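A short worksheet on the structure shown next.
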Amino acid sequence: MSRTRTLSAVAGALALSFAFAVTAHAAGAQPITAKNAWVRWLPNNLPAAGYVTLVNSGDKPVDLVDISSPDYGDAMLHQTVSNGSSQKMVMVDKLTVPAHGQVAIAPGGYHVMLEDAKHKIAPGDTVHLTLKFSDGATLDTPFAVKSPAQTK
């Protein structure tokens, strides 16, 4: 075989290998995505609240089971519950994202309680939360930090 044919064969094999790798990665793409992620910042190191919409393009429901952040000491999923004339926050162990559906972690409902900021955080910053799911997937999500005035 000539040198040109050998190089052509090697180049072709590499192209096929690359195409296979890209296809395999796309086939294993994570079904959960996050959109509209933001944090309502409060002054004086008060706890902040994180909000995001989780979208599941997969065929099976997936549970959000843990949240962590390199920017906060504590990140916990809570739900605001109304019991008549008052509201209270309760800690939630998991939140199901339905198959081919979405769930909103939004003001007045579910929210991520963020406490013990590890550094100065202010409106205009971006913080990261790692969302962990029951299928073993993790999603590192950037959250835009907004002042209370920006969220109305």
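Tell me, which strands (runs of 3 or more DSSP E) lie completely within the range 66-105 with 2 or more residues that are touching a residue at least 24 places away in the same chain (Cβ under 8 Å)? Full working, then the answer.
Numbers: elements: 72-82, 87-91, 95-97, 101-105.
Strands (runs of 3 or more DSSP E) meeting the threshold: 72-82, 95-97, 101-105.
Do we have any residue at all in the range 16-31 that's under 30 Å from Pro148 (Cα atoms), out of contact with any Lys or Arg (no Cβ under 6 Å at 6 or more places or on another chain) and modelled with pLDDT of 85 or more? Lay out the reasoning, then the answer.
First, the residues of the range 16-31 that are under 30 Å from Pro148 (Cα atoms): none.
No, the range 16-31 has no match at all.
Identify all residues within the range 73-92 that are β-branched (Val, Ile, Thr) and within 17 Å of the chain's Cα centre (by Cα); write none if there are none. Please lay out each step first, then the result.
Let us first name the residues in the range 73-92 that are β-branched (Val, Ile, Thr), namely 80-81, 90, 92.
The answer is Val92, and nothing else.
Considering each of Ser86, Ser68, Ser82 in turn, give the residue that is at pLDDT 80 or above and closer than 30 Å to Asp125 by Cβ.
Working: Ser86 fails: closer than 30 Å to Asp125 by Cβ; Ser82 fails: closer than 30 Å to Asp125 by Cβ.
Result: Ser68 is the single residue among Ser86, Ser68, Ser82 that is at pLDDT 80 or above and closer than 30 Å to Asp125 by Cβ.
Any idea how many residues of the range 131-152 are part of a strand (DSSP E or B) and touching a Pro at 6+ places or on another chain (Cβ under 8 Å)?
So the answer is 2.
Per-residue answers, yes or no, for (1) farther than 18 Å from Ala144 by Cβ; (2) of a type outside the set (Gly, Ala, Ser); (3) in the same structural domain as Thr138 (by TED's automatic domain parsing); (4) in contact with a Leu (Cβ under 8 Å, 6 or more places away or on another chain):
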residue	(1), (2), (3), (4)
Ala49	no, no, yes, yes
Thr53	no, yes, yes, no
Asn56	yes, yes, yes, no
Lys60	yes, yes, yes, no
Ile67	no, yes, yes, yes
Met76	yes, yes, yes, no
Gln79	yes, yes, yes, no
Ser82	yes, no, yes, no
Val90	yes, yes, yes, no
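How about the range 110-134: which of its residues are within 14 Å of the chain's Cα centre (by Cα) and of a type in the set (D, E, K, R)?
Within the range 110-134, Lys132 is the sole residue that qualifies.
Where residues in the range 93-136 are within 18 Å of Pro70 (Cα to Cα) and among the small types (Gly, Ala, Ser), which of them is surrounded by the fewest Cβ atoms within 10 Å (Cβ to Cβ)?
Ala122
The values are calculated or read from the model by the stated rules, or taken from the named source; none is laboratory data. As the structure is a computational prediction, the values presented were derived from the model and not from experiment. Cβ atoms come from the backbone with ideal geometry, glycine included; neighbour counts cover every protein chain shown.
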